[in-house]
Amino acid sequence: QAQLVESGGGLVQAGGSLRLSCAASGRIVSIDAMGWYRQAPGKQRVLVAEITDGGSPSYADSVKGRFTISRDNAKSTVYLQMDSLNREDTAVYYCNARIFGAAPMSWHYYWGQGTQVTVSS
């Protein structure tokens, strides 16, 4: 099995920046796409940004130009640099990855435990 562990959330003032990290570990053979989702109170979990194994990113319209997703394949880690944060960005952020594990030998989607991001005005 694989695990995803996130870090980097916290409290920041509007206009500030935060960087989230998510490291995959366990019996991993290969990692396909990795991404970040967020869930605000009373709302559904939505995709924020995603990056392919080749490094091609895509973003939700609400974060384009402010957030940057990247990955380090050697470290099995995905990052989310968040700039110009506003109160609407307040949510629990979850890491997601499609991973081919060694036991069992198959593709599965995994989720991190979530990290809280709170933007104050």
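The values are calculated or read from the model by the stated rules, or taken from the named source; none is laboratory data. None of the values given here were measured: they were computed from a predicted structure. Heads up, the Cβs are rebuilt from the backbone with ideal geometry, glycines too, and the neighbour counts pull from every protein chain shown. Side chains included, ligands, DNA and RNA excluded: accessible areas come from the protein's heavy atoms. Shrake-Rupley method; radii C 1.70, N 1.55, O 1.52, S 1.80 Å.
Numbers at a glance
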item	result
Matching residues in segment 109-121 - criterion: being in a strand (DSSP E or B), open to solvent by 10 Å² or more (accessible area, probe 1.4 Å) and more than 20 Å from Glu50 (Cβ to Cβ)	Gln116, Thr118, Ser120
Selection count, segment 1-25, where residues are open to solvent by less than 50 Å² (accessible area, probe 1.4 Å) and on the phi > 0 side of the Ramachandran plot	2
Residue list for segment 64-108, filter: under 17 Å from Lys43 (Cα atoms) and open to solvent by less than 30 Å² (accessible area, probe 1.4 Å)	Asp89, Ala91, Tyr93
Complete set of residues in segment 98-121 that are over 13 Å from Ser21 (Cβ atoms) and of a type in the set (Gly, Ala, Ser)	Gly101, Ala102, Ala103, Ser106, Gly114, Ser120, Ser121
Residue in segment 98-108 that is within 13 Å of the chain's Cα centre (by Cα) and hydrophobic (A, V, I, L, M, F, W, C) present	no
Segment 1-46, subset of a type in the set (Ser, Thr, Tyr) and over 14 Å from the mean Cα position of the chain (by Cα), residue nearest to Ala60 (Cα to Cα)	Ser17
Tabulated pairs, segment 91-102, first in contact (Cβ under 8 Å) with a residue 24 or more places away in the chain and of a type in the set (Gly, Ala, Ser), second outside any strand (DSSP E or B) and open to solvent by less than 40 Å² (accessible area, probe 1.4 Å), C-beta under 7 angstrom, 6+ apart or interchain	Ala91/Ala40
Selected residue (only one of Ser58, Ser25, Ser30 is free of Cβ contacts under 8 Å to residues at least 12 places away in the same chain, of a type outside the set (Asp, Glu) and more than 25 Å from Leu11 (Cα to Cα))	Ser58
Segment 1-55: number of residues that are more than 23 Å from Arg66 (Cβ to Cβ) and either of a type in the set (Lys, Arg) or assigned to a strand (DSSP E or B) (or both)	14
